[in-house]
Amino acid sequence: MRRLKTYSAQSGYVYQYHYEGQRLFRHAEDNGTEYVFSISADRKKWHSTSVLLSDLAVRTWEETHARELSSTERYAVCKMALFHAFDERPAPEQMKSDIRVRGADVEEIIESLGL
């Protein structure tokens, strides 16, 4: 059963979302794990949004900090990246584009979570 959650963004919109699952992604320039969320800003129209967590970004963080990120920590990084997108993208239509998590994002998010 999916848990519907709500996030009040700094953009002024209140989003509802739930986690759909994850899968591997491969692009010419990158690969990693795609975390898929279903989101809505009006509870009527829903669409999927993907948060792409690059293997390179994770590996770089792990090498710098000499430890592996657990699956729970990886999910937390992606969920926080989703929240950042909610806050920074000025309109719900822009949430249809993928959210890419870079190495600097991983570092910033992990630090902000105190992990």
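Tabulated data
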quantity: Most mobile of Glu93, Glu29, Glu20 in a GNM of the chain (Cα contacts under 10 Å); calculated: Glu29
quantity: Relative frequency of Cα-Cα separations exceeding 15 Å in the range 11-64, percent; calculated: 58 percent
quantity: Once the Cα gyration tensor of the chain is diagonalised, semi-axes √(5λ) in Å; calculated: 25, 15, 13
quantity: Helix 103-113 axis, angle to the chain major axis (alpha carbon atoms, nearest 10°); calculated: 80 degrees
quantity: Residue with peak Gaussian network fluctuation, the chain [Cα springs, cutoff 10 Å], from Ala85, Ala41, Ala28; calculated: Ala28
quantity: Calculated [θ] (222 nm, deg cm²/dmol) that DSSP helices of n ≥ 4 give over the chain, each run adding -39,500 (n - 2.57); calculated: -11000 deg cm²/dmol
quantity: Spin-label pair Arg3/Glu63, simplified geometry with 7 Å Cα→Cβ offset, distance in nm; calculated: 3.5 nm
quantity: Residues whose placed amide H lies under 5 Å from that of His47, excluding near-sequence neighbours; calculated: Ile39
quantity: In nm, spacing of pseudo-spin labels at Phe83 and Val14 (7 Å Cα→C-beta vector); calculated: 1.8 nm
quantity: Ranked Thr60, Thr72, Thr33, criterion: other C-beta atoms within 10 Å, fewest first; calculated: Thr72, Thr60, Thr33
quantity: Cleavage-rule hits (trypsin sites (Lys or Arg not before Pro)) in the range 33-115: DSSP loop, at most 12 neighbouring Cβ within 10 angstrom; calculated: Arg43, Lys44, Lys45, Arg67
quantity: In the range 41-89, GluC sites (Glu not before Pro) in a DSSP loop with at most 16 other beta-carbon atoms within 10 Å; calculated: Glu68
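Quick note: the coordinates plus some simple rules give every number you see, no bench work behind them. This is a predicted model, so every value here is computed, not measured. Note that we place each Cβ from the backbone using ideal geometry, even for glycine, and neighbour counts take in every protein chain shown.
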